[in-house]
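A short worksheet on the structure shown next.
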Amino acid sequence: MRVVLKECAWAPLGDGLVLVRDPREALTLADPDGQVAALLEELSTGPATAAELSAALSARGVAVSAADVAAGLDGLDSLGLLERPDEQTLGDPDVDARQFSNLTFFASYARRDQSRAEFVRRVRASRVLVLGAGGVGSSVVQCLAGLGVGAMTIVDRDDVEPRNFARQFLYRHRDVGRSKVARAAEWVREYDPGIEVRPVERWIIGPGDLADLVEDVDLVVGGIDSEQDAHLWVNEAVLRAGVPWVGGGMQRTQFMYFSVDPGRSPCLLCDESDRPDPGEPTSAGVAQRLSRSLRFNNALIGPIAMQLGSLIAYEALRYLSGFEPPRAAGAQVVVDLRTGLVPVWQPFPRLADCPACALAVAEVRS
């Protein structure tokens, strides 16, 4: 297999080398005989196999076998410094231009056995169900479109209203009174005609209303806020279908996101298990009852909606591409506006006899 060296810089220091690829960190490699420097220099001239590199090094007086070079390449690959030259792009100039930034992002995670092009192909082949086209959902739609997902189904029942313009940037004043999902679908088609998009206007009043929507999708993002416990409807639907879900929301001065990985992580019903019982005659129980009685006007503003939407979309990217494991699976990541937006991970408890988790069909992802 031919390999290519990713962009990096190095310099000798004593009996070693200092190498920098990511400006935030420097690698120090032992190199008392100069063989690592010589290997890097040969790699920097272009793609090569271990045998070709061994021959080139021998020609310059550095006698190393192909097996030794292969071992050296294994070490460089473990540091994230190598990738396959034939998998740096998708091979279509128009597609590569469209996906330039996405390909560049994935370069940091590429190895010989997992290419940047493959990460992008996975995203382009993915089918995502987006629940809600409001403050968070509209931002998620924009992020997913930028990532180039293959298909989106967008579900909502609301029309565009003037109050939406503080945080929903898919819409224009001429759209007031129009269906949100219809306009959102138009936006996606105008943005990238290569993305298949389907608008669905539907009231969701129980998990059964989601059953057909979660079929044949790779991921569900967003949520439903029509009822206080509507998130548990989505939780049940995704567990039955074995489809991961990334959601989130805001409560006054906090916003949060989470994900549920059926068969692998605790679910939202597990998280409900350690909450105070509103009927308990304790301060915690009374506080829980009072909190449930409060009517929360939507305090989500543009900067927060965009940040939350991007965090949800980034967690979605982990599921869709596999470039790294989900970070919020079975946990809630809470960002507090009063403490400088510092995220705090709050894992869900795992309820041994959770009736929702018992429904889960473990999805096998390669």
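The values are calculated or read from the model by the stated rules, or taken from the named source; none is laboratory data. The structure presented is a predicted model; accordingly, all values stated were derived computationally and were not measured. Cβ: placed from backbone, ideal geometry, glycine included. Neighbour counts: every protein chain shown.
Some notes on this structure:
- Being farther than 17 Å from residue 316 by Cα, small (Gly, Ala, Ser) and at pLDDT 95 or above is a condition met by no residue of region 196-207.
- Within region 332-346, considering residues that are out of contact with any Asp or Glu (no Cβ under 9 Å at 6 or more places or on another chain) and not aromatic (Phe, Trp, Tyr), the one nearest to residue 265 (Cα to Cα): 334
- The number of residues in region 24-58 being assigned to a helix (DSSP H, G or I) and within 20 Å of residue 11 (Cα to Cα) comes to 10.
- 3 or more residues touching a Ser or Thr at 6+ places or on another chain (Cβ under 8 Å) and more than 30 Å from residue 230 (Cα to Cα): qualifying helices (runs of 4 or more DSSP H) within region 71-176: 116-124
- Flag if residue 144 is assigned by TED's automatic domain parsing to the domain that holds residue 181, farther than 15 Å from residue 321 by Cα and buried (at least 22 other Cβ atoms within 10 Å of the Cβ): no
- Residue check, residue 137 at positive phi and surrounded by 22 or more Cβ atoms within 10 Å (Cβ to Cβ): no
- The set of residues from region 208-241 being within 18 Å of the chain's Cα centre (by Cα) and in a loop (DSSP other than H, G, I, E, B) comprises 217, 218, 223.
- Residues (exposed (fewer than 12 other Cβ atoms within 10 Å of the Cβ), outside any helix (DSSP H, G or I) and without any contact (Cβ under 8 Å) to a residue 12 or more places away in the chain) located in region 59-70: 61, 63
- Those residues of region 59-78 which are modelled with pLDDT of 95 or more and under 17 Å from residue 10 (Cβ atoms), in sequence order: 72, 73, 75, 76, 77, 78
- Odd one out for residue 154 among (1) more than 30 Å from residue 96 (Cβ to Cβ); (2) in contact with a Pro (Cβ under 6 Å, 6 or more places away or on another chain): (1)
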